[in-house]
Amino acid sequence: MKRLFLLIFPLAFFMATVASAQTRRSGTEAVMARGQIVYKSVCLACHMATGAGVPHLNPPLVNTTYVLGDKAALIKIVLNGFNEDVKINGQSYSNTMTPHPDLTDRQMADVLTYVRKSFGNKASAVTVAEVKKVRARNLRAGK
Amino acid sequence: MKMKKASVFLLSAYASAGLILFNACKSPDKGSTAANDSTATAIKPTTSSAGLTVPSGFSAVVLAEKLKGPRHLAVTPQGDIYVKQSEDNGDGIVVLHDDGGKATVKSHFGNYGGTGIAIKNGYLYATSNSDIYRYKLDDKNQVINPATPETVVSGLTNKRMHNSKSIVLDNDGNIYVNIGAYSNICEEYDKDKKGCPVLNDAAGIWQFKADKLNQKQSDGVKYATGLRNVVGLDWNQQDNQLFVMQHGRDALHDLFPSLYSTKQSADLPSECMYALKKGDDAGWPYVYYDWIQKKLMQGPEYGGDGKKEADAKYLRPAMGYPGHFAPDGLLFYTGSQFPEKYKNGAFIAFHGSWNRAPEPQEGYCVVFQPFKDGKSDGQYEIFADGFAGPKKTPDGALHRPCGLAQGPDGSIYVTDDQGGSLYKISYKK
């Protein structure tokens, strides 16, 4: 059983990677379109259609290292929510962000790619494999 | 907490059912004028004044600009204006003098941000997000020692969210302070639905002795509970009673997409005016008020389905306003300058919404709520509008009304914590 798992797991991982590569080949446009649907449904109410957020309450998604920097840290925010006293570009934001672990790996990769490439942002895409990896680590950490 | 389902819902387009007057401060008008619900009517004709539209006969001037996040304010009989600002480092309070048409800055002091400020019985009271301080005033209502305030209460619950502390005093030596819930709807603190623990140390109005120093939260009385977050509040001198404006919950659609459309989630729940008595429970997080159905509803986190009514034991609002308008200022008008109908009625400053997206944002205005014999009476009216300018969004608005106060001549003052302006609105026959 254990051996079977060891065999299947890398295979599944390989297939996921292939699938993710296929997604990339199928075009950023499709990812962006899917990401926008997720964004509108899950993120827009607080972060606004422009990604500008709400002064003092909900942080902006533009011009911030929280979005444009380390992808693993960004994925963790979506998985676990956010409730820390931090300043972003000198401003503090008081609302608590709800965790969104129910999003699939694909939905999370799509929406984060959308956010990192919209509102004037020009950062690299987030892949399904990257989300999967962070989620697995996150689960091991007991979150 | 019921987590948002991963399945993604396409946004439906909902036609707005209501009228939009002046492209602004207006809610869907269901054509009803039930006793304790209110739909807006415009007062015509209006005049444009200092970028605002105000009723005919009124005029607005910008008394001061570039204030630093001005929140609530208090005005003395001598025409000095104490404005609580969001800044620390000596800018916590700025003192202006109204020279008629413009204000000059007299001084500034206070190393703490915050919202609340009030004058009573020879003292200026002001709040940070966790403490209440007071300053003795001289016979001209000037602060004697701005650098050394006395601490009335310290260590009030401050967990970032809804942490502003608004204050008002009664005529019996008590001070009332809002301690807002550090949560939208308690979902993260009451997963087993055994009762929301946030109600123990927040989500209510606390009462303290105004002249007793160095009190802790536990020294106060939880005067009223089940209030999610109150920013605007005032003491009604006719009723000798506390009135507060509650900011209603967010995200009905986001959390329960199968029960609430995005349009319903924009309009609901109501922002509520409550007339409070000691011991009242307004029901957060278990219930919310639906101003369209005019019913107190069971919240979806606690078995509600958008149709089930709440237990009648919870306090009904004195008046319901459309969702997410964000009432940050409340003022009962006791002056004589304005026409008779304004006397003893309420002005409400609606800071403006953010949680109505993808529907258009609303609010960003000051409304007048008529009162008769100490009870809210009929429809509210848009009083001052146009604060936002061309972009009525939280980040795009040029100005957002926040605090309200009445001057010695019966004019009213409005702060704008977005653009930093201070407005004065007056009436001339």
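The values are calculated or read from the model by the stated rules, or taken from the named source; none is laboratory data. A quick note: this is a predicted structure, and the numbers were derived from the prediction, not measured. Here Cβ is always computed from backbone atoms with ideal geometry, including for glycine, and neighbour counts include all displayed protein chains. Just so you know, the surface numbers come from the protein's heavy atoms only, side chains and all, with ligands and any DNA or RNA stripped out. Shrake-Rupley method; radii C 1.70, N 1.55, O 1.52, S 1.80 Å.
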message: Which of rounded, prolate or oblate describes chain B when judged by the alpha-carbon gyration tensor and an a/c cut-off of 1.5?
response: oblate
Label-point separation, B:Asp281 to B:Lys372 (7 Å along Cα→Cβ), nm: 3.4
- request: Return one whole number: the accessible area per residue of region A:27-140 in Å², for a 1.4 Å probe.
  value: 45
- line: For the pair A:Glu84 and B:Lys66, the simple spin-label estimate (label points 7 Å beyond Cα toward Cβ) gives in nm 3.6
message: At 1.4 Å probe size, what's the solvent-accessible area of A:Thr127? Round to the nearest 10 Å².
response: 30
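Would you work out what percent of the accessible area of region B:21-427, with all protein chains in place, is carbon or sulfur (probe 1.4 Å)?
After summing per-atom areas, the C and S share lands at 46 percent.
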- line: Between B:His97 and B:Lys428, the two model label points (7 Å from Cα along the beta-carbon direction) sit apart by a distance in nm of 2.4
message: Residues of region A:94-120 that become at least 50 Å² less accessible with every protein chain present than in their own chain isolated, using 1.4 Å: which are they?
response: A:Ser94, A:Asn95, A:Asp102
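Please give the per residue accessible area of chain B, computed with a probe of 1.4 Å over protein heavy atoms only, in Å². Write out the running numbers ahead of the final one.
On the way: 15950 Å² over 429 residues.
The answer is 37 Å² per residue.
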task: List the pair-distance distribution P(r) of region B:196-250, using every Cα-Cα distance, as the percent of pairs falling in each 10 Å bin from 0 up to the bin containing the longest distance, rounded to whole percents.
output: 20, 47, 30, 3
query: Residues in region A:90-111 near a label at A:Asn138, defined as backbone nitrogen under 15 Å from the 7 Å Cα→Cβ point?
result: A:97-111
- prompt: Taking the C-alpha atoms of region B:108-207, how large are the radius of gyration and the largest Cα-Cα span, Dmax, in Å?
  reply: 15.9, 56
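For chains B and A, what's the summed buried accessible area, probe 1.4 Å, to the nearest 100 square angstrom?
The summed interface area works out to 2200 Å².
Let me check something: with ligands and nucleic acids excluded, how do B:Cys402, A:Cys46 order by accessible area (1.4 Å probe), largest to smallest?
Details: B:Cys402 0, A:Cys46 50 Å².
In descending accessible area the options line up as A:Cys46, B:Cys402.
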task: Quick one: accessible surface of B:Val61, probe radius 1.4 Å, all protein chains present, in square angstrom to the nearest 10.
output: 50
task: Return the long-range amide H neighbours of B:Leu330 (sequence gap of 5 or more, or a different chain), with a cut-off of under 5 Å between placed amide H atoms.
output: B:Leu233, B:Ala349, B:Leu404
- line: Given Cβ charges of +1 for Lys and Arg and -1 for Asp and Glu, the option among B:Val198, B:Leu227, B:Gly100 whose Cα lies farthest towards the positive end of the dipole of the protein assembly as shown is B:Val198
statement: For A:Tyr39, the accessible surface traced by a 1.4 Å probe with all protein chains present amounts, in square angstrom to the nearest 10, to 0
- request: Report the charge-dipole magnitude of chain B in Debye, nearest 20, computed about the Cα centre from +1 at each Lys and Arg Cβ and -1 at each Asp and Glu Cβ.
  value: 420
query: Using only the Cα atoms, what convex hull volume per residue in Å³ does the protein assembly as shown have?
result: 156
- request: Just subtract the alpha-carbon distance of B:Lys209 and B:Asp409 from 0.36 nm times their residue separation and send over the number in nm, one decimal.
  value: 68.9 nm
